[in-house]
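Here is the structure we will look at, set down as structure tokens.
The values are calculated or read from the model by the stated rules, or taken from the named source; none is laboratory data. Only a predicted model underlies this, so the values are computations on that prediction, with no experimental measurement involved. Quick reminder, even Gly has a Cβ in these numbers, built from the backbone with ideal geometry, and neighbours come from all protein chains shown.
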Amino acid sequence: MTEIGAVRCALPAHRYRQAELTRHVAKLSRVEPARRALLDRLHGNAGVDTRYTVLPIAEYGDLGGIGPANDRYIELATALGEQAVASALGAAGVAAADVDLLIVTSVTGIAVPSLDARLIPRLGLRPDVKRVPIFGLGCVAGATGLARLHDYLLGWPGHTAVLLAVELCSLTAPVDSSTTPDLVVSGLFGDGAVALVARGGQAAVGSGPRVIATHGEVVPGTEDVLGWRLDTAGFRIALTADLSSVVESHLGAAVSDFLAEHGLKVDDITAWVCHPGGPKVIDAIQDSLGLPPSALDLTRRSLAEVGNMSSASVLHVLQQTMDVGRPPPGSPGLLIGLGPGVSMELVLLEW
């Protein structure tokens, strides 16, 4: 049994309305006048009202290439991650010295030593804390990190584990040219960090849900639908229009089969904690599962308030569900992560 004690989000200081970011993207990416209408339409249909950036928008044109941008990533992701973990530990009433496992997911920069190693002295964690840095899973990593945390606690009941997802998506914005996929994601992604504290066995560390079981799978032949590619300027998005159709075609069967293994059906789930990948992806989740629109209200709310924060987003929706959704005690919930591969991670919860 894995008991989730607390989930806390840390957001950067710089918050902008979508229209202001649209103007900035047009200038930064040198969008031609003929394509400006496309940019406005893509940003206007993104389902995003506000987003947070780790730097003031005026500074993004002066990052100086992939090396300096990655240096800023290491500095700022470490600081924001520290803030999120400290907040979650405080909310769960857990001392840093009592943490036995630290999992850190991030895909918007590269750090060696990894972010988890850098966080040990800053948070006061034990030098012998077990560490699992995760890179390459993209948006699904928040859900997958929770699943692997659960696996660990099954083997080490009584231990305390922390999961941190920290993404600085704004540092990957292209500054030389913009393809249509670049313009799409420039209207979706925001910066943020979310940390989760959990304990194995029957010793609760809070009033959050319990993880009952997990399931992950990759849809064959979809490796090129979503991901990163690396060029001389840094990370660039690889994205095709097939993403939402892949989700709609494959998610429903995966969820139904997984729930059936535990004697449940889609109609039994009282809380849907889904990755806010974008309006079309959210619609695909809803359609594939036959859900009423209200079932994904918190997912759409998260997208509107902070944008898509990659691996951190599904954990942000989990925090909102714990804070304001308040499912009835004993009721089942399902956390759904989606990411490159195309990969799906399902986490069965019980409140």
Residue hits (the stretch 209-238; more than 26 Å from S249 (Cα to Cα), modelled with pLDDT of 85 or more and either in contact with a Gly (Cβ under 9 Å, 6 or more places away or on another chain) or charged (D, E, K, R) (or both)) are P209, R210
Which condition does T299 not pass, out of (1) in contact with a Ser or Thr (Cβ under 7 Å, 6 or more places away or on another chain); (2) within 21 Å of R8 (Cβ to Cβ); (3) crowded, with 23+ Cβ neighbours inside 10 Å, if it passes all the others? (1)
Just for the stretch 100-112: of the residues that are under 22 Å from the mean Cα position of the chain (by Cα) and assigned to a loop (DSSP other than H, G, I, E, B), which one is surrounded by the fewest Cβ atoms within 10 Å (Cβ to Cβ)? V112
Looking at T160, T180, T222, which one is in the same structural domain as G307 (by TED's automatic domain parsing), of a type in the set (V, I, T) and touching a residue at least 60 places away in the same chain (Cβ under 8 Å)? T222
Determine which member of the set V162, V166 is over 30 Å from V225 (Cα atoms) and not in a helix (DSSP H, G or I). V162
Inspect the stretch 6-17 for any residue being touching a residue at least 12 places away in the same chain (Cβ under 8 Å), part of a helix (DSSP H, G or I) and in contact with a strand residue (DSSP E or B) (Cβ under 6 Å, 6 or more places away or on another chain) and give the result as yes or no. no
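Results for (1) out of contact with any Gly (no Cβ under 6 Å at 6 or more places or on another chain); (2) on the phi < 0 side of the Ramachandran plot; (3) crowded, with 16+ Cβ neighbours inside 10 Å, shown as yes or no for each residue.
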{"residue": "K27", "(1), (2), (3)": "yes, yes, no"}
{"residue": "V31", "(1), (2), (3)": "yes, yes, yes"}
{"residue": "L38", "(1), (2), (3)": "yes, yes, no"}
{"residue": "G61", "(1), (2), (3)": "yes, yes, no"}
{"residue": "I66", "(1), (2), (3)": "no, yes, yes"}
{"residue": "A97", "(1), (2), (3)": "yes, yes, no"}
List the residue pairs whose Cβ atoms are under 6 Å apart, where the first residue sits in the stretch 185-196 and is of a type in the set (F, W, Y), the second is buried (at least 24 other Cβ atoms within 10 Å of the Cβ), and the two are 6 or more positions apart or on different chains. F189/C169; F189/G307; F189/N308
Could you say which residue among T299, T270 is in contact with a strand residue (DSSP E or B) (Cβ under 7 Å, 6 or more places away or on another chain), within 30 Å of I110 (Cβ to Cβ) and in the same structural domain as P332 (by TED's automatic domain parsing)? T299
Odd one out for E3, checked against (1) over 22 Å from A58 (Cα atoms); (2) at pLDDT below 90: (2)
Of all residues making up the stretch 124-143, the number that are of a type outside the set (K, R), surrounded by fewer than 20 Cβ atoms within 10 Å (Cβ to Cβ) and either modelled with pLDDT under 95 or closer than 16 Å to A111 by Cβ (or both): 4
Picking from V205, V197, which residue would you name as being modelled with pLDDT of 85 or more and of a type in the set (V, I, T)? V197
Need the failing condition index for L28 against (1) touching a Phe, Trp or Tyr at 6+ places or on another chain (Cβ under 9 Å); (2) farther than 27 Å from R15 by Cα, just the number. (2)
